[in-house]
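What follows is a short report on a single structure.
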């Protein structure tokens, strides 16, 4: 009889402490779980983490592939596949930027497999496929000149048609060091545009945010939850039977 | 170590998947125009057109002009629209104000690629545009590819709308 009481006492204590231990993690799981269930409503996938501490924790560094080209008064920069017009993010997930030029009417930027046309204010007019571009430049009559792997071509009708170009007077676009203010704001903008809130919440939910120890902790909480459910049911049944016995 | 794991997860999440190009625009044009495509023309999206395109897309268009290739019989439009995060490139051939062919030229998303198949794109054939700028015939969705289906539907609406504009210009 005494042994039996000791067993129940142990169960009560275990139930209490297991509950206390897993409470914090349970609340964390519940909060992150509810938030993740409403990812689209809360726009978690488009809200980017701005905190330097969290960005550092994830190892998000400044862009490694950073190249700028001047186009008249403006600067086109590629930072890890993101294209910036002066300070502003223009497009994401672009191929290699090869150069940019400014005509009297528009700005043209060349990528390895496409040509982009922008207004002088940096608004995208069009991006069209163009294979095997090597470099872009501007001719003596303001023509946009493209050197492909096989030939030299120019366009003087707003990038609609191309003809062979033989004039040697071409000012090729080459990478240049942008003004410090532009480089600084792009680097900051890049860092704060890669880590969505959804990713962080998912990592907190799974415990990965805290490393391997976090995953183990969440696993232990899961096991404790199963034990809590079993011990809770056992305690409830014990009380139920005792009540029935007393009634008899 | 932890940083590396987290950063690797992050990088793998964001790493751009290789664009799957099923057919180049040039090849498609050669196919449609039997090897002799006409010179491209452009339709500029003036303010009133932009408003209607915004209505179709449910967001502002990310371009100010679009190219098209036209003969007396047909017009061809190559339009990009983002499904979830990346643009899908679609070519639309229009004859007599009806869609004759709709083909996915490039699909860059990780999900929803089922929309490239003929069983889906054939639904657009002979579809027309209503006065409310909607497709006259409804398009059946594909579960798991909702956003891609929406993107293709919007492209079809836009192409029919643009075609209507260039025909009205001629009149």
- Per DSSP H run of n ≥ 4, the term is -39500 (n - 2.57); total these for chain A, divide by its residue number, and report the mean residue ellipticity at 222 nm rounded to 500 deg cm²/dmol. -14500 deg cm²/dmol
- Note on the structure: Dividing the surface of the Cα convex hull of segment A:66-191 by four yields a projected area in nm² of 7.0 nm²
- Measure nothing but the geometry: give the 0 to 90° angle between the long axis through the Cα atoms of A:180-191 and the longest principal axis through the Cα atoms of chain A, rounded to 10°. 40 degrees
- Query: Average partner chain C-beta neighbours within 10 Å, per residue of A:193-203?
  - Reply: 2
- Item | chain A - percent relative contact order, Cα under 8 Å, separation 6 or more | 20 percent
- Relative contact order of chain B, pairs being alpha-carbon contacts under 8 Å that are 6 or more residues apart, as %: 20 percent
- Any idea what angle helix A:2-37 forms with the longest principal axis of chain A, computed on alpha-carbon atoms, 0 to 90 degrees, nearest 10? 20 degrees
- In degrees, nearest 10, the alpha-carbon axis of helix B:146-170 is tilted away from the dominant principal axis of the alpha carbons of chain B by 30 degrees
- Note on the structure: Under a Gaussian network model of chain A whose springs join Cα atoms within less than 10 Å, the largest fluctuation of A:144, A:218, A:24 belongs to A:24
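As a footprinting exposure proxy, order A:246, B:64 by other Cβ within 10 Å, with the fewest listed first. Mind dumping the intermediate values first?
Numbers: A:246 7, B:64 18.
Listed from fewest to most nearby Cβ atoms, that is A:246, B:64.
Just to check, using Stokes-Einstein with a Kirkwood Rh over alpha carbon pairs, what's the diffusion coefficient of chain B at 25 °C and 0.890 mPa s in µm²/s? Provide the component values of the computation, followed by the final result.
Details: Rh = 17.0 Å.
Translational D for this selection: 144 µm²/s.
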- Message: With 10 angstrom as the radius, rank B:108, A:135 by how many other C-beta atoms surround their C-beta, starting from the fewest.
- Response: A:135, B:108
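Inverting the mean 1/r over all pairs of different Cα atoms, compute the Kirkwood radius of segment A:89-160 and quote it in Å. Don't skip to the end; give the middle numbers.
Values: mean 1/r = 0.0821 Å⁻¹.
Its Kirkwood hydrodynamic radius stands at 12.2 Å.
Once you sort the root eigenvalues of the Cα gyration tensor of segment A:34-104 as a ≥ b ≥ c, which label holds: rounded (a/c under 1.5), prolate (a/b larger than b/c) or oblate (the other case)?
Values: a/c = 3.07, a/b = 2.03, b/c = 1.51.
It is prolate, given that a/c is not under 1.5 and a/b is the larger ratio.
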- Query: For residue A:185 and residue B:122, what is the calculated FRET efficiency with R₀ set at 35 Å and r taken between the beta-carbons, to the nearest 0.05?
  - Reply: 0.10
- Query: What is the pair-distance distribution P(r) of chain A, computed from all Cα-Cα distances in 5 Å bins starting at 0, with each bin given as a whole percent?
  - Reply: 1, 6, 10, 11, 10, 8, 7, 6, 6, 6, 5, 4, 4, 3, 3, 3, 2, 2, 1, 1, 0, 0
- Task: Please report B:71, B:66 as a ranked list, fewest other C-beta atoms within 10 angstrom at the top and most at the bottom.
- Result: B:71, B:66
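Residues of A:121-131, mean number of Cβ from any other protein chain within 10 Å of their own Cβ, rounded to a whole number? Could the numbers behind the result be given before it?
Values: counts 0, 0, 3, 5, 7, 8, 4, 5, 8, 0, 2.
Going residue by residue through A:121-131 and averaging, the value is 4.
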- When the Debye formula is applied to the Cα atoms of the protein assembly as shown, each taken as the same point scatterer, what base-10 log of I(q)/I(0) results at q = 0.12 Å⁻¹? -1.08
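Read-outs: derived from the displayed coordinates by stated rules, not from any lab. Keep in mind it's a predicted model, so treat the numbers as computed, not measured. Positions of Cβ are generated from backbone atoms using ideal geometry, with glycine treated the same way; all protein chains shown enter the neighbour counts.
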